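Notes follow once the structure below has been shown.
The values are calculated or read from the model by the stated rules, or taken from the named source; none is laboratory data. Model, not experiment: these values are computed from the prediction. Cβ atoms come from the backbone with ideal geometry, glycine included; neighbour counts cover every protein chain shown.
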Amino acid sequence: MAGMHQALSLLVYGPSKAGKSTLAATAPYPRLLLDVEGGARFLPIVPKVWDPLTEEPPVADGTWDTVVVVTREYDTMLRVYQWLQSGKHPFKSVIIDSVSELQVKLIEQIAGREQMQMQAWGNLLRQFTGLMRDLRDLTMHPTNPLTAVVLVAMEREDKDGQKRPYLQGQSGVTLPYLTDITGYLNVETFQHTDPTQGAYKVRRLHITPDEKYVAGERVGGRLGGTVEQADLSIEKMIEMVYATENS
């Protein structure tokens, strides 16, 4: 791996208010955040709003750490990808929050608010999953590779009780295999070792497959099976993954 660009792609999903967006915002900056759900205003970032349909990417002048693209239409995502593919941008990280909602926007573009026809599902899989693969591959861009690509998703529970990213059609099966890490983020309650103390809660990112949730990693076990709260920073996770190589 010597000489290769050090980067990481992640799919992070979990229950509402588990801290998925906050975790995504720990990716290396300058960041680009496609705000599909309108949650960027609550994040600990220094934002700058960008309209990719009418403007060039802003210059990283130190007045912001995260450029926010308000993504009401799927075509906005496509225009952003064109800018990223050109390499003419200042970003180290790209975040989509969330891919679940972004897929809904593509479904509405294809079928409106009507029921999707059978033949349209194949079109959905090709367009959506293909774009997610293309975004991941920007970590290998020949002139301006990204350091982090972070896809945030809602969760759903299948008929067997296993939790998985909320995506419709075959995209829900395919997308977890595309990223370096697919992690289930949850807030868990533990009893204190001191019986005089009450229970406490911690956020944990599970990246080892389990019958309770879909997860996985291809980083050689460098992060262990669970990323604990103290290490829940994407920038820190990248350092941990490549620490052996750098030592």
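Annotations for the structure displayed:
- Here TYR242 fulfils each of the conditions (1) closer than 28 Å to TYR166 by Cα; (2) surrounded by 15 or more Cβ atoms within 10 Å (Cβ to Cβ) apart from (1).
- Residue in region 113-135 that is in a loop (DSSP other than H, G, I, E, B) and either modelled with pLDDT of 85 or more or within 25 Å of VAL69 (Cα to Cα) (or both) present: yes
One line per residue, one yes/no per condition, for (1) among the charged types (D, E, K, R); (2) surrounded by 15 or more Cβ atoms within 10 Å (Cβ to Cβ); (3) touching a strand residue (DSSP E or B) at 6+ places or on another chain (Cβ under 8 Å); (4) not in a strand (DSSP E or B):
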residue: LYS159; (1), (2), (3), (4): yes, no, no, yes
residue: PRO176; (1), (2), (3), (4): no, yes, yes, yes
residue: GLY183; (1), (2), (3), (4): no, yes, yes, no
residue: ASP194; (1), (2), (3), (4): yes, no, no, yes
residue: GLY198; (1), (2), (3), (4): no, no, no, yes
residue: VAL202; (1), (2), (3), (4): no, no, yes, no
residue: GLY220; (1), (2), (3), (4): no, no, no, yes
residue: LEU223; (1), (2), (3), (4): no, yes, yes, yes
residue: ALA230; (1), (2), (3), (4): no, no, no, yes
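- Pairs meeting the criteria (first residue in region 14-33 and over 16 Å from VAL99 (Cα atoms), second residue among the aromatic types (Phe, Trp, Tyr) and in a loop (DSSP other than H, G, I, E, B), beta carbons under 6 Å, at least 6 apart or on different chains) are PRO30/PHE91.
- Within region 4-42, being among the hydrophobic types (A, V, I, L, M, F, W, C), touching a strand residue (DSSP E or B) at 6+ places or on another chain (Cβ under 8 Å), more than 13 Å from ALA153 (Cα to Cα) and at pLDDT below 95 holds for one residue alone: ALA40.
- Only one of the numbered conditions (1) closer than 29 Å to TRP83 by Cα; (2) in a strand (DSSP E or B) is not met by MET237, and that is (2).
Residue-wise test of (1) in contact (Cβ under 8 Å) with a residue 12 or more places away in the chain; (2) loosely packed, with under 15 Cβ neighbours inside 10 Å; (3) out of contact with any helix residue (DSSP H, G or I) (no Cβ under 6 Å at 6 or more places or on another chain).
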| residue | (1), (2), (3) |
| --- | --- |
| ASP51 | yes, yes, yes |
| PRO58 | yes, no, yes |
| VAL68 | yes, no, no |
| ASP75 | yes, yes, yes |
| TYR81 | yes, no, yes |
| LEU84 | yes, no, no |
| LYS92 | yes, no, yes |
| GLU101 | yes, no, yes |
| LEU106 | yes, no, no |
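- Residue in region 68-80 that is among the aliphatic types (A, V, I, L, M), at pLDDT 95 or above, more than 19 Å from the chain's Cα centre (by Cα) and closer than 20 Å to LYS105 by Cβ present: no
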